[in-house]
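Here's the structure we're looking at; comments come further down.
The values are calculated or read from the model by the stated rules, or taken from the named source; none is laboratory data. If you're wondering where the values come from, they're calculated on a predicted model, not measured in any experiment. Neighbour counts are summed over all protein chains in view; Cβ atoms, including those assigned to glycine, are modelled from backbone coordinates with ideal geometry. These accessible areas exclude ligands, DNA and RNA; they are computed on the full protein's heavy atoms, side chains included. Shrake-Rupley method; radii C 1.70, N 1.55, O 1.52, S 1.80 Å.
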Amino acid sequence: MSGRPYRREGVTGRVLRFRFDGRDLEGLAGDTLASALLANGVRTVASSVRLGRPRGVYAAGCEEPNAVVQIEEPFPEPMLTATTVELYDGLVATGLPGRGRLADRPDPARYDAVHTHCDVLVVGAGPAGIAAAGVAARAGARVILADERPEPGGGLLGTTETVDGRPGRAWASAEIAALTALPDTRVLRRTTVIGHYDDNYVVAVERRTNHLGAAAPPGMARERVWRIRAKRVVLATGGHERFVAFAGNDLPGVMLAGAARTYVNQYGVLPGRRAVVFTTNDTAYAAALDLADAGIEIAAVADVRREPGSAWADWAWADRCAERGIEVLTGHVVTAAKGEGEVTGAEIAPRSGRGTREVAADLLLVSGGWTPVAHLFSQAGGTLRYDEGLGAFVPGETRQAAEAAGFAAGVTTLRDCLADGAEAGRRALTALGFGAPGVTVPVVEEEPANAPAEHLWLVESGDYGTHFVDLQRDVTVAEVLRATGAGLTSVEHVKRYTTAGTAHDQGKTSGLLTSGVVAHALGVDVAGLGTTTFRAPYTPVSFAALAGRDRGPLHDPVRVAAMHEWHVARGALFENVGQWKRPWYYPRPGEDMGAAVLRECAAVREGVGAMDASTLGKIDVVGPDAGVFLDRLYTNMMSTLKVGSIRYGVMCRPDGMVFDDGTAIRLADDRYLVTTTTGNAAAVLDWMEEWLQTEWPDLRVRCTSVTEQWATVALAGPRSREVLAALAPGLAVGNADFPFMTWRDAEVAGIEARVCRISFSGELAYEINVSSWYGLALWEAVMASGEVTPYGTETMHVLRAEKGYPIVGQDTDGTVTPQDLGMEWIVSKKKADFVGRRSYARADTSRPDRRHLVGLLPEDPGVLLPEGAHLVSAPVAGPVAPTARPTARPTALAAPPVRALGFVTSSYRSAALGRTFALALVSGGRGRVGERLYAPVGDDLVPVTVTSHVLYDPEGARRDG
Amino acid sequence: MLLIACPWCGPRDEAEFHYGGQAHVAHPEDPAALSDEEWARYLFFRDNPKGLFAERWSHAAGCRRWFNAVRDTATNEIHAVYRAGEPRPVIT
Amino acid sequence: MTAESVAGSVAEFAIGRRSPAAAYAARFAAASAGGAIRLAEIPFLTHLNVRADPASPAAERIGAALGVPLPVEPGVVTEGGGLSVLWLGPDEWLVVGPDGAARELTERIRDAAAGEHVSVVDVSAQRTTLVVAGERARDVLAHGCALDLHPREFGPGRCAQTLLARTGVVLVAVEDGFHVLVRSSFAAYAAEWLLDASVEYRG
């Protein structure tokens, strides 16, 4: 034998070095890992997932069930099929036992996504796809032609057929070159369409640098997800050959006949030296002849079909085989692949059963017929119908502006596929209004007439233990029979019982075979049994590709206010509030969070602090009916608010539950500015628009978001007035001139500002609003005095909780009314109606056991309750009654069921109170003030006393400074 | 990803829209006049047909207009879109 | 407020006004050096949100006062006299003018409304304007924008409110590319995203 016993004579190319399972090997440019392994005589590539049986290359494309490998270098990637990995210099790979390993280091590659639109998307650059794309593109349509392989041609690559007098492969390349030159045509190679969704939304994954190995340019996205919206889709996705279930049909050396043909013709690789061919149809003859012409001895062809009858009158394959001395055994089956670890022979028997013989061979080619790739058609809601001639399901009807063409549509000959593709292109153009262009179909040679196939699913036997139907899941006929024997009659149920079709390959070669075996077992027609559902993705997709650039800092937008850089520079830690980053607290050297927050709280209660409050939602509400509108949305009266004044308000849903809260500032008779919580800014604006557009279109009101127009500095504490006075010398800041809940326009630090006297801490406080362009300037000016302590959201939370002010979304959860919050006073009794009002007359909202917002004081003032902790009451198991001495507390819950009375919503350490405290929603809470409850925390029961939710300055003495 | 034809902006990806539930469920003129059951029916009960369904959508990331669509809930096909306030078209 | 009125008095606090993407100027310039893509911020443009009944006499008077009609066709921009008016919705427009024009333009529109119900809100600082221009501008935006940006579908004179990556934007097609009007709090995200999306096109 020569140095390359498995490479076809005369095949040359650039030599690539790679390593597989620890062996240094060589391949040629253009090889896949599978073809290179075959060229090196590597028969066993992987082992099976459940049984650990050796497995070799079975197919030549994405349908491969066996040769599953892991790339180790240049970057680890698990569960790839050797048949789709393009060989490159330096590739290191190992065969997998059905499971891979994720990389243990971050992937340095870039991944991205792109949206695109086209008139016609053609999936598959085989003969039908190229013909369709050619017709559409030459008429001026915007065309995308996507193909999963590195080279166009599809089925032509593996054959010796000619088109327009040229080898098929050359014709395909020339056509693609011509199409690529058109301005509105895009040819995507190495691009697998993985999903076909509603309204012709089609998702494809392009592998852009995977095939370059370490030579991949670092800036170039490795994989790209294409999100294509197509007016028309032509699915020219070809077909997959299927195999037949017989004993040992998984041995390395058993291979699909068409795959062997591809290895010989496309890659110049001889997958064996001496082959037996087992077929149910004519297509394997072309493979046998091509292999014979390449120097592989064809020991025998076992054709399940019995003696040719009248339909076989023009059957030319027998003559062609005879010319090459190939023995054709009609009416025969292969009953078993023979060999230890790999094929060394095939056992052939006549279907009558007598006269079994064993033929020596290192290659056993199988063709159980071809199945159109109808995955995408079916995913998009298309129905499939059984085609008797093919013994397979083909596309039927669809709601999508899509159609299948070529073999995917059940068209079998090259000539017909080309014609069908061209027609599909023409139909797409017509549907799009491009007129009816003339169509020229490429010329092909006469092909021998096909004799009908016979649809054989399994070779009968007394032992089905190695008759595999799903190679990747190690499912055999024996297991399918166990399923049907257990009474399962649906292929969907059999799939889940046996796992057949659920592996990495999603049953591309095995799905129909499984249906066929089930039909055989049940004695029914496979046509009525159907297939299992096709779902995206068509082939596995890396998570990295799906994530694209939405990872790391770009995973989700980070929203920042105008003063953000200052906070960062001063070492603030940040809290995520929706997408906003808000300063949480500003630790000084050596301070932990607790110390920093106690210091910040004390500064506000005793001196003056400043917080960036820019993130609050802000909406301009303008129009003569603005007051009426706000009266309808808020529970309290807003129309009576005087210009220059401010009012706090709560908004509820029609069911009466709190939706949002904030303030309304009356800027003019016909103009309010309302604020919302940070997280609800968009929702409140949408809510307003919804009512205006759908229920009250007669109201003359317009709403405009100004959330980011304004930057806001909250200045709080007994000394805030003097700080404001210094910054705004022109503003009369005295209590009488500038009372609580009013606003003034003023220059603050030389910047035009609107100053609001409102407080969320109970202290004397102001909110200074300026154009966000000046937000940083204002903040720096406030800080320039050196007197003001910056404080973050944690301090804000502690201060407001001490006052019993709830945070919507923290102390409420969509099941809480204003009354539950102890805010009866904000629910107008005068207004005829407002959103939610009717619900307060429902029995449910007046139940005495509704959860009320209350305060909790842990009996140990140093214990901080976790937010979310449940609250239970006595009795609890234990030696003492709950009324006993506080030190003798119960230590375990009572036996279930234990009624949860409520839960902790906010919990903090308070500088002002000198202890911990919490807010909680507690069933009948206001009636429980003074009662002791318990919070189960870990293995402990923490005793707490229920109090009013207002714990600090209940008389409100501090707000005027 | 549905392609939804905003009555103003034209076809846009579903991601630009918010769903608003069943259309033509008006807020009662005088909620106080309703029985608890009638009010609860308005608050909590909506149709859930298999087949054609008139529903509200908002082009939230676009022109922010609310509009109605008749969608087949079994196939996701949108048979008609129409502006708020317009009557539901007859689908044949 | 106008820039002139406050610039002097703020100076003593070291910084005056600052645009939302100011920190990206150098990285935008570096990314634009190759010529195939150009990224920049146009800071401090005047943006007025105008809402009115499009069929009202007020709408017509406002167009006349601005010298630019309020477009009634969805997705259309009208331009003239240094102003452009972007269609945002059937009763909503964005009037875009030069830096410092907010007060004067607001008054002009309010005067033209003459008591009819029209809302004019200064939203100049609500969004900033990012330029994505150059021959590969479309390719960059296509990474995050689902609209068909083919020149036949979305050429100069068109605008749209839509999504770019994970943020809402007003996208405006201009002669050599696009203006991306992004909310100020999202400006840093949008800038980072555009810089990342343009890596392959920097030439």
Of the listed peptides A:716-724, B:3-11, what is their order by residue-averaged count of other C-beta atoms within 10 Å, with the highest listed first?
-> A:716-724, B:3-11
List the aspartates and glutamates whose Cα lies under 14 Å from the Cα of residue A:830, skipping any in the same chain that are fewer than 8 positions away.
-> A:631
Expected unfolding gain across residue A:446-residue A:899 under the 0.36 nm per residue rule, minus the alpha-carbon gap, is 154.8 nm
Leaving out ligands, DNA and RNA but keeping every protein chain, what accessible area does residue A:508 have, in Å² rounded to the nearest 10, with a 1.4 Å probe?
-> 20
Rough spin-label spacing in nm, given labels placed 7 Å along Cα→Cβ, for residue C:116 and residue C:22 = 4.0
So for the protein assembly as shown, taking the charge dipole from beta-carbon charges (+1 Lys/Arg, -1 Asp/Glu), which of A:251, A:680, A:870 sits furthest toward the positive end?
-> A:870
Helical mean residue ellipticity (222 nm; -39500 (n - 2.57) per DSSP H run of 4+; nearest 500) of the protein assembly as shown | -5500 deg cm²/dmol
Where no second cysteine Cβ lies under 4.7 Å, the cysteines concerned in the protein assembly as shown = A:62, A:118, A:321, A:417, A:601, A:652, A:703, A:756, B:63, C:145, C:159
Roughly how big is the A-B contact, given as buried accessible area in Å² (both sides, 1.4 Å probe, nearest 100)?
-> 2200
Förster radius 41 Å - calculated FRET efficiency between residue A:831 and residue A:740, Cβ distance, rounded to 0.05 = 0.95
With the contact rule set at Cα under 8 Å and sequence spacing of 6 or more, what percent relative contact order holds for chain A?
-> 9
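So between residue A:568 and residue A:340, what do we pick up on full extension, going 0.36 nm a residue minus the alpha carbon distance? Don't skip to the answer; put the middle values down first.
Details: separation 228, 0.36 × 228 = 82.08 nm, distance 6.82 nm.
Taking 0.36 nm per residue and subtracting the Cα distance, the gain is 75.3 nm.
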Partner chain coverage, peptide C:146-153 - average Cβ within 10 angstrom = 5
Rounded to the nearest 20 Debye, what is the dipole magnitude of region A:250-368 about its Cα centre when Lys and Arg each give +1 and Asp and Glu each give -1 at the C-beta?
-> 200
List for region A:392-418: residues with 50 Å² or greater reduction in accessible area, all protein chains versus chain alone, probe 1.4 Å?
-> A:399
Over the protein assembly as shown: Kirkwood hydrodynamic radius from C-alpha pairwise inverse distances, Å | 35.2
Provide a whole-number value for the mean count of partner chain Cβ atoms within 10 Å of the Cβ atoms in peptide C:186-195.
-> 4
Can you tell me the order of A:327-337, A:418-428 when each peptide is scored by its average per-residue count of other Cβ atoms within 10 angstrom, highest first?
-> A:418-428, A:327-337
Computed lengthening from residue A:383 to residue A:17, 0.36 nm per intervening residue step minus Cα-Cα distance | 127.1 nm
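What's the local net charge at residue A:508, with K and R +1, D and E -1, over the other residues with C-beta under 11 Å away?
Neighbour charge sum, excluding residue A:508 itself: -4.
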For chain A, what is the accessible area per residue in Å² when the probe is 1.4 Å?
-> 37
Taking both sides together, what accessible area is buried at the A/C interface, probe 1.4 Å, expressed in Å² and rounded to the nearest 100?
-> 4800
Mind checking region A:211-288 for chymotrypsin sites (Phe, Trp or Tyr not before Pro) that DSSP puts in a loop (not H, G, I, E or B) and that have at most 13 other Cβ atoms within 10 Å?
-> none
How would you classify region A:1-107 from its alpha-carbon gyration tensor, with a ≥ b ≥ c the square roots of the eigenvalues: rounded for a/c under 1.5, else prolate if a/b is greater than b/c, otherwise oblate?
-> oblate
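Provide the FRET efficiency to the nearest 0.05 for the residue A:461-residue A:892 pair, computing r from the beta carbons and using R0 = 51 Å.
On the way: r = 64 Å, r/R0 = 1.25.
Using R0 = 51 Å, I get an efficiency of 0.20.
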Rough spin-label spacing in nm, given labels placed 7 Å along Cα→Cβ, for residue A:592 and residue B:36 | 5.1
Reduction of at least 40 Å² in accessible surface, 1.4 Å probe, comparing all protein chains with the chain by itself, residues of region C:160-184 = C:161, C:163, C:166, C:183
For residue A:508, go through the lysines and keep the ones whose alpha-carbon is under 29 Å away, minus same-chain ones fewer than eight residues off.
-> A:231, A:338, A:495
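Over the protein assembly as shown, with every protein chain in place, what whole percent of the accessible area is carbon and sulfur at 1.4 Å, could you tell me?
Ligands and nucleic acids excluded, carbon and sulfur reach 52 percent.
Just to verify a number: FRET efficiency for residue B:72 and residue A:555, C-beta to C-beta distance, R0 = 35 Å, to 0.05?
0.50
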Return the average number of partner chain Cβ atoms within 10 angstrom of each residue Cβ along peptide C:46-56.
-> 2
